[in-house]
1. Does segment 159-181 hold any residues that are surrounded by 17 or more Cβ atoms within 10 Å (Cβ to Cβ) and of a type outside the set (Gly, Ala, Ser), and which are they?
2. Which condition breaks for residue 104 when tested against (1) over 19 Å from residue 172 (Cα atoms); (2) modelled with pLDDT under 50?
3. Step by step: first the residues of segment 136-166, then only those that are among the acidic types (Asp, Glu) and in a loop (DSSP other than H, G, I, E, B), then the one that is farthest from residue 78 (Cα to Cα). Which residue is that?
4. Residues being assigned to a helix (DSSP H, G or I) and out of contact with any strand residue (DSSP E or B) (no Cβ under 7 Å at 6 or more places or on another chain): count how many of those fall in segment 48-59.
5. Among the residues of segment 116-156, which ones are in contact with a Leu (Cβ under 9 Å, 6 or more places away or on another chain), exposed (fewer than 14 other Cβ atoms within 10 Å of the Cβ) and in contact (Cβ under 8 Å) with a residue 12 or more places away in the chain?
6. Might you let me know whether segment 107-114 holds any residue that is outside any helix (DSSP H, G or I), under 19 Å from residue 178 (Cα atoms), without any contact (Cβ under 8 Å) to a residue 60 or more places away in the chain and of a type in the set (Val, Ile, Thr)?
7. Just a yes or no: is a residue in segment 182-191 part of a strand (DSSP E or B), crowded, with 18+ Cβ neighbours inside 10 Å and either at pLDDT 95 or above or among the charged types (D, E, K, R) (or both)?
Amino acid sequence: MTKRMTYLAVPMLASALALAACGETADTTEPADAEMTEAVEANTVVDVAKGNPDFSTLVAAVEAAQLGETLSGTGPFTVFAPNNAAFEKLPAGTVDGLLKPESQAQLTGLLTYHVVAGKTDAAALAKAITDGNGKAELTTVNGGKLTASMDGENVVLTDAGGNTSTVTATDVEASNGVIHVIDTVVMPAAAE
């Protein structure tokens, strides 16, 4: 990567994630030029999350669960990434409890429930929902299921307990997958 591309990578990723954090769709599926493509491809899903302060809780959780290396691997991964506001919706003390070393297995299960193997961009997800007569079942990395459906123009995820989360930004590209920002933490079934 040239120095110019390295200097471009940080501002471009920050801009894309800033749009995502504001609830806007960060359309990075068609970069403006080859330099932008190379800059985006130089960063894994973990790098992209680390580059945005609105994902600081998610990054802390990934580090506490020791999943950073795994999620920086080849992938590809589709990550439904809760922003800080999503984690703030959890009952008081939940995040602090999950970040404790003795909760690592539970935290790992929770985080891997937000990851689907393969790269599923917004268009492919919408097509799967249409092809499934309004619903698409997604198998997460932890083996649990999420159900995707549409509410108007928004994709909504339903977790194992019937709780919902809305996708607020789509197609934040990374070298090893794609990130879709969600407004609520989805929860696996207790046994998952």
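The values are calculated or read from the model by the stated rules, or taken from the named source; none is laboratory data. Small disclaimer: the values here were computed from a predicted structure and weren't measured. For neighbour counting, all protein chains shown are included, and Cβ atoms are generated from backbone atoms with ideal geometry for every residue, glycine included.
1. 159, 167, 168, 170, 171, 172, 173, 176, 178, 179, 180, 181, listed by residue number.
2. Here residue 104 clears every test but (2).
3. 153
4. Qualifying residue count for the region: 6.
5. Once the filter is applied, which keeps residues that are in contact with a Leu (Cβ under 9 Å, 6 or more places away or on another chain), exposed (fewer than 14 other Cβ atoms within 10 Å of the Cβ) and in contact (Cβ under 8 Å) with a residue 12 or more places away in the chain, segment 116-156 yields only 139.
6. Within segment 107-114, none of the residues are outside any helix (DSSP H, G or I), under 19 Å from residue 178 (Cα atoms), without any contact (Cβ under 8 Å) to a residue 60 or more places away in the chain and of a type in the set (Val, Ile, Thr).
7. yes
Here is a yes/no grid of residues against (1) in contact with a His (Cβ under 7 Å, 6 or more places away or on another chain); (2) in a loop (DSSP other than H, G, I, E, B):
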{"site": "80", "(1), (2)": "yes, no"}
{"site": "86", "(1), (2)": "no, no"}
{"site": "96", "(1), (2)": "no, no"}
{"site": "105", "(1), (2)": "no, no"}
{"site": "120", "(1), (2)": "no, yes"}
{"site": "127", "(1), (2)": "no, no"}
